[in-house]
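Since the structure comes first, as structure tokens, the remarks are kept for the end.
None of the figures in this text is laboratory data; all of them are computed from the coordinates on show. Note that the coordinates shown come from a computational prediction; the quantities given were computed from them, not determined experimentally. Neighbour counts are summed over all protein chains in view; Cβ atoms, including those assigned to glycine, are modelled from backbone coordinates with ideal geometry.
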Amino acid sequence: MPHAEPWLERAPLLLRDAVNALLPAPARWWVDSFLDIAVLLGVFGLLFAFLTLAERKVLGRIQNRPGPNRAGWGGVLQPFADGIKMLTKEDIVPRLADPILHFAAPVALVAFSLMSFAVIPYGRHLLALDMDSGVLYFFAAGASSELAVFMAGWSGRNKYSLLAAMRALAQLISYELPLLLSFVPVVMISGSLSPSAIVTAQGGWHLGFIPRWNVLTPWGFAGFAIFMVASLAESNRSPFDLPEAESELIAGHLTEYSGFKYALFFMAEYFGMCALGGMAVTLFLGGWQAPCAFLGFIPSYAWFGAKLLALLLGFIWIRATLPRLRIDQLTRFAWKFLVPLALVNLVTVGFWHLSASWSRGFDPLRWAIAIALVVIPFVAMGRRLSAGLGPRTYRFAAQ
Amino acid sequence: MNAVLAAIALLILASAGIALTLRNIVRSVILLVVTWFGIAAFYLWAGAEFVAFAQVLVYGGAVSMVVLFAVLLVRHGKAGVAETPAPSGRIVSALLAGGAIAGALAGAVALTPLAPAAGPAPFAPVRHIGVLLLNTHAASLLAAGAILTVALLGGVVLAAGGGPEKEDGP
Amino acid sequence: MLGTGLIKGLMVTAKNLAGSFHDPERLVTTEYPEQRTVLPQNYRNFPFLVTENAEDPMGTLRCVACQICEKECPPQCIYIEKSKDKKADAAGKMQIYPAVFDIDISVCMSCQICVEVCPFDAIKMDQVFEIATADRFTGLLLDRGQLSKPNSYFHQIHPTDAAEVDGRLAAERKAAAEKAKAAAAAAAAKAAASTASAPSPVKAPPPVSAPPPATAVPAIPPPVSPPPPPSPPPQP
Amino acid sequence: MSTLQACLLLSSLLFSIGLAVAIARSSAILVLMGIELMLNAASMNFIAFWRFGPNPEAATGVLFALFAIAVAAAEAAVGLALVIALYRHQRTIRLQEATRLKG
């Protein structure tokens, strides 16, 4: 019933139809695909640009600095100034480098991270590619970017960047596992690998005002937390930014890159962050669904954008707070904490699924068991992980 | 003939063929990854979405990484990752064997009267595959899982075993 | 409880984020080209030449081209050529003056040795630091005209030093004036005595070292800047 | 030539390339890669026959391809672990030089 929807909700569709009306019918498929790609590139390109600015501003404010405020009003033109700077820098290729792979690595990385934008439902009618196994596509595109990291590290003929690339790969592979395991519960509950079906399954409200989002269940909360930690690591964000630890390594596997190729790696990092954030919104935060029924007049894509921006600000906040992990702590955290927790979470969701048919009166028991299944392993494994580490004493800090 | 299929075939055969001739092992492996992506594209073309993404996830994400790590772990000396070429007799015999097999298979394919079902690509929804996997083929799924687990454990034991005293062996 | 440390840390950063908006005192950044911090008095950078009078900088340079600084300068960035003639200085005394006085501040290391060795208090340390130029060869080679700055400027940047220097110079000039006066009086007495006994045919020229007292006393420049504080605050 | 025959031709050509790689190259890793290619060619046949076969609802070809991928991953893991073990004992991964059974 498209007419019952507010006008703003249908605005993108109307715009697309207006463009289509200008062109002959046989070109329709091509025009639609081209429009999808152009809009995705434009929106996320601008989001990337202003995310870098927002990151620098927020980090600055957290450290009691004003942040960049020179280019344009309050610094809004800073990303474009950065872009011009990066484009005009010299592009150095080492003499012994493998020129083809050296060139292909950043291109492949950006391409793979852009590919994952295709399957995220941005709104009720805004989905570039409605695939039956869209979630799998998303993670397949993400997994392919490991190859680009290896190419970047190997092609420079620099043993340090090669070592750093192997460390980065160890990190990416370690955190790929909890990332994949943490979304399996969502697939089990909604019974589909299609992102749009997963979002639809989270529609509706308990008692009229508590949304049926996955994150508001015990297993969903645990899965969301694991997913967010793993996506911090997958997108090389602090505190897991070991691959490119700018203050310790010389940019790790990016050592031999300069100029715009270097900027492309950063573009890929931010695109990956946006894509993983968007997937987290889709899987756990109800996608484009409004949190309350009476807020439904706000168009769905605005809700998606608000949730995505909140997650991205959370990424920045965490970056400003937590210090970097060591490589052994990082891998131990993945294999000894996140992977077991994600596996236990499968048991929790199995219980949740089986107990769905219990009568309403057993609901408190159902919740209690599910919460216990999440909290007890968390505490037990956390204790084991931190065994032997006493409380910190700060000799020189003011108490 | 289908233009998309022709393009995919060109991608697969060209990347595999060039990978066959390159001396640099890393480049060879990366080209083989391109071949695997091409095979995934073939699955996608045939309508097997799930298999295509599984192929990318497993081959592009996991197997390629294992292979590249192995390449980097076993290189030594000045040669680096360049392979010493095989004797020409072996290359000729390999090409002959490959050509013979290709000829025989192509002949068999051309001569067999196949009756392909025409029509659009069949659709295999993930839900359908999942139901089949867990009902009809549950035993095979368990067996595959067991094989994977045992193989990974065996791989870890093999790669990590030996101990430091074997490090400077012959 | 596990994980409380993370939350505590996140709260600290969130407090900073919110605080930086409602409490401008937290922001410690000085927005440099518009706002400037007051440089401490002891801050010193490249040297400059002191002139007594801003209207006539070349005429009232304290420098007498003795070339001590040129010889002492460790990186040898000073180049001086003496003048052939003499010119009256601020005190009216005839002095050699520097025809050329160049400092290459791309070489200068701000060691202050030239200031230490100058017997005439003619070269002092400046406070400039914005010396960027598009032409690194001639743009950083400062000549006499660019180097000379009035005494009032010296009072502005280093009030304590300037007051001390001015006091010393005034005392010296007063002493010199009194000496000259005494000498003149003695000469006059001698002349009177000699005139009484035997008149000399030639009038003695006034001694070079002793200018007439009428010109000596007002030559000391009145300090343009406010008088220096009696006890300067300790500089960090 | 029908499309099915084209697919089969493609997979048989890929199989022969894999075979040639496995025979011609001396590096154990590349021999393994050749075997992987041959496995992949076989999976392509399953998918092709499923696509043009009479009974696509059974999805047997798809399931077979999935199992083949899983087993191929296991094979790659074990094979490369063997290569690393071989390298540790013999300091080479050239198959011509790996002639001893005792480490």
Query raised in the report: Of A:V135, A:V43, A:V374, which is the most mobile in a GNM of chain A whose springs link Cα atoms less than 10 angstrom apart?
Result: A:V43
Query raised in the report: So what's the back-of-envelope 222 nm ellipticity for chain D, counting only DSSP H runs of four-plus at -39500 (n - 2.57) apiece and dividing by all residues, rounded to 500?
Result: -27000 deg cm²/dmol
Query raised in the report: Using modelled amide H (1.01 Å from N, peptide plane; none on Pro or chain starts), what sits under 5 Å from the amide H of C:S148, excluding residues fewer than 5 places away?
Result: C:L49
Report task. May I ask you to derive the relative contact order of the stretch A:130-188, considering only C-alpha pairs under 8 Å and at least 6 residues apart, and to give it as an integer percent? Result -> 28
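Over the stretch C:1-133, what is the relative contact order in whole percent, taking alpha-carbon pairs under 8 Å and six or more residues apart?
Averaging sequence separation for qualifying contacts and normalising by length gives 26 percent for the stretch C:1-133.
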Query raised in the report: Which of D:G61, D:G53, D:G34 moves most in a GNM of chain D, Cα contacts under 10 Å?
Result: D:G53
Report summary line: In order over the stretch D:17-32: 3J(HN,Hα) from phi, Karplus 6.51/-1.76/1.60, θ = phi - 60°, whole Hz, x for each Gly or Pro, gives 4, x, 4, 4, 4, 5, 7, 7, 7, 9, 6, 4, 5, 6, 4, 4
Query raised in the report: What helices does chain A hold that run 27 Å or longer along their axis, going by alpha-carbon atoms, with a Kyte-Doolittle average of 0.5 or more, using DSSP H for the helix calls?
Result: A:28-62, A:134-155, A:159-190, A:259-284, A:300-321, A:363-385
Report summary line: Counted neighbours (other Cβ, 10 Å), sorted fewest up, put A:F378, A:F138, C:F154, A:F34 in the order A:F34, A:F378, C:F154, A:F138
Query raised in the report: Which angle between 0 and 90 degrees, to the nearest 10, do you get for helix B:3-21 versus the longest principal axis of chain B when only C-alpha atoms count?
Result: 20
Query raised in the report: Applying the Karplus parametrisation 6.51 cos²θ - 1.76 cosθ + 1.60 with θ = phi - 60° to the phi angles of the stretch D:47-62, what ³J(HN,Hα) value in whole Hz is obtained for each residue in order, glycine and proline being reported as x?
Result: 5, 5, 5, 5, 5, 9, x, x, 10, x, 5, 5, 6, 5, x, 4
Report summary line: For chain B, longest principal axis from Cα atoms; helix B:138-160 axis from its Cα atoms; angle between them, nearest 10 degrees, is 20
**Report entry** Hits among lysines - C-alpha to C-alpha of A:K89 under 23 Å, sequence gap 8 or more where chains match
**Finding:** A:K261
Report summary line: By the C-alpha gyration tensor axes a ≥ b ≥ c (rounded if a/c is under 1.5, else prolate when a/b exceeds b/c, else oblate), the shape of chain A is oblate
**Report entry** Residue-by-residue Karplus 3J(HN,Hα) for the stretch A:89-94, coefficients 6.51, -1.76, 1.60, Hz, glycine and proline x
**Finding:** 6, 6, 9, 9, 10, x
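List the pairs from C:K87/C:K149; C:K93/C:K174; C:K86/C:K190; A:K336/C:K15; C:K124/C:K181; C:K93/C:K181 whose alpha-carbon separation is above 23 Å, in the order I gave them. Before the final figure, lay out each step's value.
On the way: C:K87/C:K149 19 Å; C:K93/C:K174 14 Å; C:K86/C:K190 30 Å; A:K336/C:K15 33 Å; C:K124/C:K181 32 Å; C:K93/C:K181 15 Å.
Violating the 23 Å Cα-Cα cut-off are C:K86/C:K190; A:K336/C:K15; C:K124/C:K181.
For n ≥ 4 DSSP H runs only, could you compute -39500 (n - 2.57) per run for chain A, divide by its residues and tell me the 222 nm figure to the nearest 500? Can you show the working numbers first?
Details: 13 runs with 251 residues, N = 399.
The helix-only estimate for chain A comes to -21500 deg cm²/dmol at 222 nm.
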Report summary line: Cα-only Rg/Rh for chain B with Kirkwood Rh rounds to 1.03
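Let me know the mean shielding of A:126-138 by other chains, meaning the per-residue number of their Cβ atoms within 10 Å of its Cβ. Before the final figure, lay out each step's value.
Details: counts 0, 0, 0, 0, 0, 4, 9, 10, 3, 2, 8, 7, 1.
If you average over the peptide's residues, the count of other-chain Cβ atoms is 3.
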Query raised in the report: Across the residues of D:82-93, average count of Cβ atoms on other protein chains within 10 Å?
Result: 6
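Relative contact order of chain A: what whole-number percent is it, with Cα pairs under 8 angstrom and at least 6 residues apart?
Working: 499 pairs, mean separation 76.9, N = 399.
Relative contact order of chain A: 19 percent.
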Report summary line: Amide H contacts under 5 Å for D:R91, restricted to residues at least 5 apart in sequence or on another chain and with H modeled in the peptide plane, are none
Report summary line: Both in Å, the radius of gyration and Dmax of the C-alpha trace of the protein assembly as shown are 40.6, 156
Query raised in the report: Which cross-chain or sequence-distant (5 or more) residues have an amide H under 5 Å from the amide H of C:A99, H modelled 1.01 Å from N in plane?
Result: C:E81, C:K82, C:S83
Query raised in the report: What ranking of C:H158, B:H137 emerges when the number of other C-beta atoms within 10 Å of each C-beta is taken as an exposure proxy, fewest first?
Result: B:H137, C:H158
Query raised in the report: Exposure proxy check: B:Y59, C:Y153 ranked by fewest other beta carbons within 10 Å?
Result: C:Y153, B:Y59
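Could you work out the mean count of beta carbons from other protein chains within 10 Å of each residue's beta carbon in B:127-133?
Working: counts 6, 5, 7, 4, 1, 6, 5.
Across the residues of B:127-133, the mean count of other-chain Cβ atoms within 10 Å is 5.
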Query raised in the report: Given that compact globular proteins tend to follow 2.2 N^0.38 Å, what is the ratio of the alpha-carbon Rg of the stretch A:184-334 to that value?
Result: 1.20
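Could you tell me the ratio Rg/Rh of the stretch D:3-97? Both radii from Cα atoms, Rh via Kirkwood.
Working: Rg = 16.2 Å, Rh = 14.6 Å.
The Rg/Rh ratio comes out at 1.11.
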